[in-house]
Amino acid sequence: MEHSDDLFRDEQEIRQLRIIVDYAESLLRRSELSQKDCLDLVENTRKTVLRLFPGKADVFNLIYVPRFSRVIGERFRIPGTLSGRN
């Protein structure tokens, strides 16, 4: 029974991770946040995710930082991003 409890808890944590990351991405895309506020949101999201998954900063940097950077680059047309190239 404990094994299924652990599996359920893991599934809950992963679901919570998806909600947090998807919400942050939605805010980055649709809000009127400044570029600095967007970067602060990414940092706060990172801290929240690392509380759920301690020791996984490398995974966050590998998976989510590029995703968030792409969104910020598109919003602010930052040179060197796909949206910044014409």
*Kindly indicate the residue of the stretch 35-70 that is outside any loop (DSSP other than H, G, I, E, B) and touching a residue at least 40 places away in the same chain (Cβ under 8 Å) and also surrounded by the fewest Cβ atoms within 10 Å (Cβ to Cβ) among those meeting that condition.*
35
*If you check every pair at least six apart or on different chains, which have Cβ atoms under 8 Å apart with a residue in the stretch 1-24 that is farther than 13 Å from residue 52 by Cβ first and a residue that is hydrophobic (A, V, I, L, M, F, W, C) second?*
24/41; 24/42; 24/68
*Picking from 9, 77, which residue would you name as being in contact with a Gly (Cβ under 6 Å, 6 or more places away or on another chain), at pLDDT below 95 and surrounded by 10 or more Cβ atoms within 10 Å (Cβ to Cβ)?*
77
*asked:* Given (1) assigned to a helix (DSSP H, G or I); (2) modelled with pLDDT under 95, identify the lone condition not met by residue 32.
replied: (1)
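The values are calculated or read from the model by the stated rules, or taken from the named source; none is laboratory data. Predicted, not measured: the structure shown is a model, and the values here were computed from it. Using ideal geometry, Cβ is built from the backbone for each residue, glycine included, and neighbour counts are taken over all protein chains shown.
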